Amino acid sequence: MDSGWTQDLLNWLSANPGWAGFWIFVMSFVESLAFIGILVPGIIILFGIGALIALGAIDFFPAWLWGSVGALAGDLVSYWAGRHYRGHLADLWPFSSIPRVLERGRLFFQAHGAKSVVVGRFIGPLRPVIPATAGVLGMVPRRFLMVDIPTCIAWTPAYLLPGMLFGASLEVASEYAGRMSLVLIIGAVVLWLSWWIIWTAYEFLASRSARWLRHVIRWLRRHPVFKRIAGPLLDSTQPEVLAITMMGLLLVMFFWSMIILLFLSPFSAHPQSIDQAVQSQALALRNHIADPVMVALTQLTRLWVLIPTAVAVLLWLIGAGRKKAALHWLVAMGGGVILQLLLGWTLRATPLLSVAEVNTLYNPSAALTLATVVLGYYPVMIARELQRRNRKWPYAIVGLLLTMLVLARLYLGLDWLSGALMGVALGMVWTFVVGIAYRQRAVRTFNGLVASLIFFSMLTMTFVWQVQQNFEDDIAALKLPLPQRQIAAESWWNDAWQTLPRERTRLVSVVARQFNFQYAGAPGGLAKTLLASGWREAEPANWRWSILSINPEATELTLPPLKRDYLGHADTLLLHRLGGDPLTQETLRIWDSGVRLMPSGQVLYLGQIATEVLVKRIRLFSYWSARPATQHGLSQLATETLSLQQRWADKSLLLLRN
C-alpha cells in the first residue's frame, strides 16, 4: 500500500496553512446552506479535516475558527433567505423539490422554538433547514444570533473530534503496524456504509411501504392460488397487517438468496474463487494489533454468550406474564440452535482451522446463523414496543454488530465469504418466519426498555466472561503462521543473507523501515549481552498505554514504546536505552524471519536499532516515532556485542550469531 500521495497532501497543507483555513471555511459554509447542505456530506468532510489535524497537517485552533465562521456565515445566508421570502420560500426552486424536509423543519421549530437552532445544527437533515425555517417563522435576528453563534462554536470541534481520533489512530497504526491502517480504513468504510444503508433503507421503506404493500395485498387477494395460501396472513382483523406482509416479502427474498448461495457454493467455481480472493486479502491484513480485537469480537458467536442471553430474556418474559412472547422467543432460539448444529455438519470446513487440523474450536458459519437469530430476533420483537421514531435504532445497532462479527470472522479465517453470507441469510430467514408468527398472535405489550436492559446486560456480561476464559487459547490457535524457509548456516553467513528482506514495511510514511542487523541465536542471549551496556527490556504495553498516551507531559519514563509489526507478527524482543533527553530513546527489536538455519534448526531473526522521538498531536496525544539509526549507533551495537561472532555484510547491515 503506497501512501505517497497522502504524504504529498500533508506536505502541501503544512506548507500552505492559509489555504487549508480557506477550504475549511468554504466547506463549512456550503454545508450549512439551505438545500445545498443536504447534498454535501458535511460529516465526511469534517471527519477528513479532523484526521488531517491529528496527522499534523492542520492546526486545530485555526480549523476551529474557520469552521465556526463558515458555519455561521452559511446559517446567516439561510436565515436571510427564509426571512426575505417567508411563505414563498417553499415555492422557489430548489426548495420546491424538498417540501417534506421543509415541513419537517417547520414542525420541529414550532415544537422546540429557539432550542431547535441548537439541536438542529447537530442533526444532519435538519442542519441546513432550521436557520431558513427560523427566518420564515419570523425569529428576531438578535435572538437568532445569540443562539446560533455559540452553537456554531461548539459544533465545529464536536464534528472534528471523531476524525481527529481516527487520524491519530491511523498515524499510530502506520508507525507500528502498517497493515492496521488499512484495517482501520476498511472497517470505518464498511461500518459507515452499513449504517447508511440501514438508515436510508428504513427511512425509504417507512414512508413508502404502506402504499406498496396495499397494492401487493390487493393483487394477492385476486390471485386464484396465492389468496388461499396468504389468506390468514392478509386477514384485515389481524393487528399490524402491513408490517406482517412486509416481513413476509422480505422472507421470500432472503430465502431465495439463501437457496442461490447454497446451490452455487459446492458446484460453481465462482463463489470458491471469490472466497479464496477474500481470504487471501484478509490474510494480507493480519497484524498483531487487530488480531486481539477480532478474536475478542468472535466470542459473541459462542454458545455460552448467546444461550444465557436468550434464557435471561425468556425468563423475564415468563415472569412478566407474556406467555405468547416467551413462546415465540423460545421457538426462535431453539430453531437457531438446531440450525447451527445442522450447518456445522454440512458446510465446508473453515479456511484457516481446517488447514491447521483444528475443527473443534469453532463450527463453520453456523456460528453466525445462531448469532443472527439471537441478535436479529431482538429488534423484531422489541420494535413494536417502541415509539415509531425510535424503532430504527434496534435494527441499526444489531446490523452494525452483525457486520463487525462477519468482518472479524472473515479476517481471522473462520468463515468463507459465501458461508458467512449463507449463515446470516439463513438466520434472517428463521428470524422473519418466527417474527411473522409473533406479529400475528401477540396482542399484549411489555416494557421494551426493561427487556433491552436485560438483553444487553446479559450479552455484555457473558461476552466479558468468555473473553476472559478463551482469549489466550484462541489467540494461540488462530496465530498467523510465518512463511518458513531453510538455509544452511554457513551459506547464510557467507552470502545468503542477501536473500532476506531488508525492510520491515513498504509504507513510505514510516521513516525507519530498514533492518540493520540479522541475528542467529536465542533472544535471551542477545538481551543478556546488551543489558550490561545500559539496555533494558521495555515494559509490556497493554490497555493502560492508551491512557498514558494522552498525558500532555509524556516522557520516556511515563510512556513505554509499543511493539512493532512485521508480516503480521510483533517483535520477539524489545529493548530500549534511555538517554539524557526525556523526549528520545534508543530501541532495539528483533523479529522471527521464518528462516531456519540448518542443520541445527536455529531461528534467524531480523533486527532493527533506531532512535525514537516523542511525537505530540493536538496537544493531548503522544506516541514514539522511530528514526533510522546512524552509522555511529550501528557501530556502537557492534562494540557492545563483541562477545558474539559478528561481521559486516555491508556498511548498513551487521550479522551476529552465537
Rg from C-alpha atoms of segment 533-657, normalised by the globular rule of thumb 2.2 N^0.38 Å, equals 1.17
By a straight-distance test (C-alpha under 28 Å), which lysines pair with K563 as possible cross-link partners, with residues fewer than eight away in the same chain excluded?
K479, K528, K616, K651
Convert each backbone phi in segment 292-299 into a coupling constant with the Karplus relation 6.51 cos²θ - 1.76 cosθ + 1.60 (shift: θ = phi - 60°), then list the ³J(HN,Hα) values in order as whole Hz, x for Gly and Pro.
x, 5, 5, 4, 5, 4, 5, 5
Full extension from I318 to T460: what is 0.36 nm times the residue separation minus their Cα-Cα distance, to one decimal in nm?
48.9 nm
Which value in nm describes the separation of the simple spin-label points at D473 and R577, placed 7 Å from the Cα toward the beta carbon?
4.4
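Which ordering of L567, L500, L341 is given by a fewest-first count of other beta-carbon atoms within 10 Å? Numbers along the way, then the final one.
Working: L567 20, L500 17, L341 14.
Taking fewest neighbouring Cβ atoms as first place, the list is L341, L500, L567.
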Hits among lysines - C-alpha to C-alpha of K392 under 23 Å, sequence gap 8 or more where chains match:
none
Under the rule rounded for a/c under 1.5, else prolate if a/b exceeds b/c, else oblate, using alpha carbon gyration tensor axes a ≥ b ≥ c, segment 146-196 is classed as oblate
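Suppose R0 equals 41 Å. What FRET efficiency, 1/(1 + (r/R0)^6) with r the Cβ-Cβ distance, do I185 and L531 give to the nearest 0.05? Display every interim value, and only then the final one.
Working: r = 40 Å, r/R0 = 0.98.
Rounded to the nearest 0.05, the efficiency is 0.55.
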Efficiency of FRET from Cβ geometry, E503 and T555, R₀ 25 Å, rounded to 0.05
0.25
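Quote the FRET efficiency, to the nearest 0.05, computed for E539 versus R222 with a Förster distance R0 of 60 Å and r equal to the Cβ-Cβ distance. Please report the intermediate quantities before stating the final value.
Numbers: r = 75 Å, r/R0 = 1.26.
Rounded to the nearest 0.05, the efficiency is 0.20.
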Going 7 Å from the Cα of Q514 toward and past its Cβ, which residues in segment 616-658 have a backbone nitrogen under 14 Å from where you end up?
627-635, 649-655
Karplus-derived HN-Hα couplings along segment 177-185 (A = 6.51, B = -1.76, C = 1.60, θ = phi - 60°), whole Hz, x at Gly and Pro
8, x, 5, 5, 5, 6, 4, 4, 5
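Computed from the coordinates by the stated procedures, all read-outs in this text should not be read as laboratory data. Keep in mind that this is a model prediction, so the values were computed, not measured. We place every Cβ from the backbone using ideal geometry, glycine too, and count neighbours over all the protein chains shown.
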